[in-house]
């Protein structure tokens, strides 16, 4: 079962959180201030952190910011009595994944914890490297090489490849590409997707006119053949 680190200086709240999480089957670790909490986060490598904001030595904002500076991507839920918009924005800006204002319901907190842990589980299963013939693609680092020679792909081309890889051989519609890669704020057409696929094929296919990897699914979109 997942381990959750609780960084909270108030004993009643810390005890209540331990009891709540233990009753759900989670293993818990605790710290009573930001400094010891940061050390525990780095040494114990928990699956998730519940992080109070107002604490001695280091506040929650500083703890979260330092974790992200050290490229520690553990999910962080901030717990605080501060409910001002600027405080919530500050928490998210320093890298928190969620923000819960005290007092909160046990059901809501548990639901947020479950959602974040599910997200991390999906991310852990996500394919990060592709080998398509002679080309090796690192989706996390956004690099591609043919042998030792770099292959230049744009950020959108990497995003399209990730979406195709995550589909595990199932077709991805043009509309899905537009929603995920371009976003709702942009106004491209489905032809934009076709043009980017053509560009990708020119870069990674031995014969772009008869592709081995980026297959057209007529009437739907495209899929990745691996």
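No lab work stands behind these numbers, since they all come straight from the coordinates. The structure displayed is predicted, hence computed values, not measured ones. When we count neighbours, we look across all protein chains shown, and the Cβ atoms used for this are built from the backbone with ideal geometry, even at glycine.
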Practice item. Using only Cα atoms, find the angle between the long axis of helix 60-69 and the longest principal axis of the chain, and express it within 0 to 90 degrees, rounded to the nearest 10. Key: 30
Exercise for review: Quick one: check the C-alpha center-to-center distance for segment 5-44 versus segment 148-182, whole angstrom.
Suggested key: 39
Point to revise | Selected from 70, 17, 200 as most flexible by GNM, with the chain as the system and alpha-carbon contacts under 10 Å | key: 70
Check your understanding: Cα axis of helix 11-23 to longest principal axis of the chain: angle in degrees, 0 to 90, nearest 10?
Key -> 50
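Going by the alpha-carbon gyration tensor, a ≥ b ≥ c the square roots of its eigenvalues, is segment 3-124 rounded (a/c under 1.5) or, if a/c is not under 1.5, prolate (a/b greater than b/c) versus oblate?
Rounded shape, in that the Cα axes give a/c under 1.5.
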Study note, to complete from the structure: In degrees, nearest 10, the alpha-carbon axis of helix 190-204 is tilted away from the dominant principal axis of the alpha carbons of the chain by 80
Review point. Could you work out the helix-only [θ] at 222 nm for the chain, with each DSSP H run of four or more residues adding -39,500 (n - 2.57) and the total divided by the number of residues, to the nearest 500 deg cm²/dmol?
Key: -13000 deg cm²/dmol
Review point. Exposure proxy check: 143, 30, 80 ranked by fewest other beta carbons within 10 Å?
Key: 143, 30, 80
**Study point:** Shape call, the chain: gyration tensor on alpha carbons, a/c limit 1.5
**Key:** prolate
